[in-house]
1. How many residues, within the range 253-297, are in a helix (DSSP H, G or I) and under 17 Å from residue 17 (Cα atoms)?
2. Taking residue 250 as meeting all but one of (1) outside any loop (DSSP other than H, G, I, E, B); (2) within 23 Å of residue 320 (Cα to Cα), write down the number of the exception.
3. Determine whether residue 155 is crowded, with 20+ Cβ neighbours inside 10 Å, in contact (Cβ under 8 Å) with a residue 12 or more places away in the chain, in contact with a helix residue (DSSP H, G or I) (Cβ under 6 Å, 6 or more places away or on another chain) and under 20 Å from residue 317 (Cα atoms).
4. Please work out if residue 336 is modelled with pLDDT of 95 or more, in contact with a strand residue (DSSP E or B) (Cβ under 7 Å, 6 or more places away or on another chain) and part of a helix (DSSP H, G or I).
5. Determine if the range 218-227 includes at least one residue that is over 15 Å from residue 340 (Cβ atoms) and touching a helix residue (DSSP H, G or I) at 6+ places or on another chain (Cβ under 6 Å).
6. If a residue has to be more than 17 Å from residue 290 (Cβ to Cβ) and part of a helix (DSSP H, G or I) to count, how many in the range 131-152 make the cut?
7. Would you point out which residue out of 48, 79 is within 18 Å of the chain's Cα centre (by Cα), part of a helix (DSSP H, G or I) and in the same structural domain as residue 21 (by TED's automatic domain parsing)?
8. Filter the range 167-196 down to the residues that are in contact with a strand residue (DSSP E or B) (Cβ under 6 Å, 6 or more places away or on another chain) and either in a loop (DSSP other than H, G, I, E, B) or in contact (Cβ under 8 Å) with a residue 24 or more places away in the chain (or both) and list them by number.
């Protein structure tokens with residue numbers, strides 16, 4: 001099969017969609033000897049795809065088409081012609097923001113969440129309009145949609161009115177070669193050297209986005225935790241600035257415990273596993289997620305997790321996390337106090353998290369995605385991975 005994949009919504013590799021795409025491509029590499037993968041990549045993103053060189057074909061896309069409006073137009077005008085000229089059997093666009101109207105070949109989309117319908121003011125008015133109105137019409141023209149959770153599949157049926165027989169739920173995977181318990185003392189030493197984090201700490205990895213990621217309420221809960229316990233625990237945020245980041249930074253600065261709130265900025269992929277292993281507890285009080293990779297990554301690294309159940313989070317973390325109501329500061333505070341003072345409770349969650357994380361594997365995600373391609377492609381071939 002000749003499989004085309006658009007990659008232009010990865011925001012220079014610093015988004016959840018980027019991590020999804022990179023992990024999926026790595027898991028698809030064993031199939032590249034028998035299937036032709038063609039990736040459409042913006043020129044300045046080319047170094048991010050060095051790991052597929054020699055295995056997958058890369059078609060550079062002029063940087064002129066990086067801005068969102070120009071990129072949407074490129075997808076609608078240029079990509080269909082490229083798909084025809086390259087004789088693609090299927091074209092996969094891994095985000096609802098760039099779905100095609102034309103059908104140059106069978107079309108597959110991945111929809112991660114329908115946040116514009118669930119979180120008011122999550123994006124600018126233009127992006128909210130695009131997500132609510134235009135993307136809905138485009139989604140109805142796709143031949144198959146991959147939903148990364150049962151919750152997202154339900155939202156696609158409800159808000160986009162896509163028939164259930166065109167939606168395939170394929171959970172995100174987990175790279176168990178990267179995310180595993182490891183040596184916690186070694187991780188603490190490494191993180192202390194790199195970030196000067198020597199005290200126990202709560203960790204939250206998510207882009208600094210307000211209000212959707214709920215950092216401000218977490219800061220309020222941390223303030224109450226510190227006032228009640230007088231402990232030396234710190235609160236650490238890892239993630240790049242996004243819409244509303246200034247509100248989060250202002251809340252941290254105004255905290256009476258500002259010295260114990262650390263904002264690390266974007267954390268490189270190579271640093272994440274050690275950061276998870278070094279953290280004493282991972283906290284994820286998001287108001288809505290289409291999946292929620294960081295809690296599962298933290299679990300796989302042996303870090304106990306406090307989490308909300310909004311969106312797909314309850315589906316993903318199951319019974320392996322301490323649950324909070326993300327809109328109730330007292331609920332968050334209670335779990336911070338409880339786990340900080342209960343080493344045995346953290347151990348129970350650590351064991352439960354390790355078992356929960358084993359359910360997710362990118363190899364399964366890749367295999368199931370190939371099955372979707374095969375159902376739609378013009379030339380269905382054997383889908384077994386190549387054997388060296």
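The values are calculated or read from the model by the stated rules, or taken from the named source; none is laboratory data. It should be emphasised that the depicted structure is a prediction, and the values quoted were computed from it without experimental measurement. Note that we place each Cβ from the backbone using ideal geometry, even for glycine, and neighbour counts take in every protein chain shown.
1. 7
2. If we test residue 250 against (1) outside any loop (DSSP other than H, G, I, E, B); (2) within 23 Å of residue 320 (Cα to Cα), just (2) comes out false.
3. No: the conditions fail for residue 155.
4. yes
5. Looking for residues that are over 15 Å from residue 340 (Cβ atoms) and touching a helix residue (DSSP H, G or I) at 6+ places or on another chain (Cβ under 6 Å), one finds at least one in the range 218-227, hence yes.
6. Selection size over the range 131-152: 4.
7. Sole residue among the options that is within 18 Å of the chain's Cα centre (by Cα), part of a helix (DSSP H, G or I) and in the same structural domain as residue 21 (by TED's automatic domain parsing): 48.
8. Passing the criteria: 168, 170.
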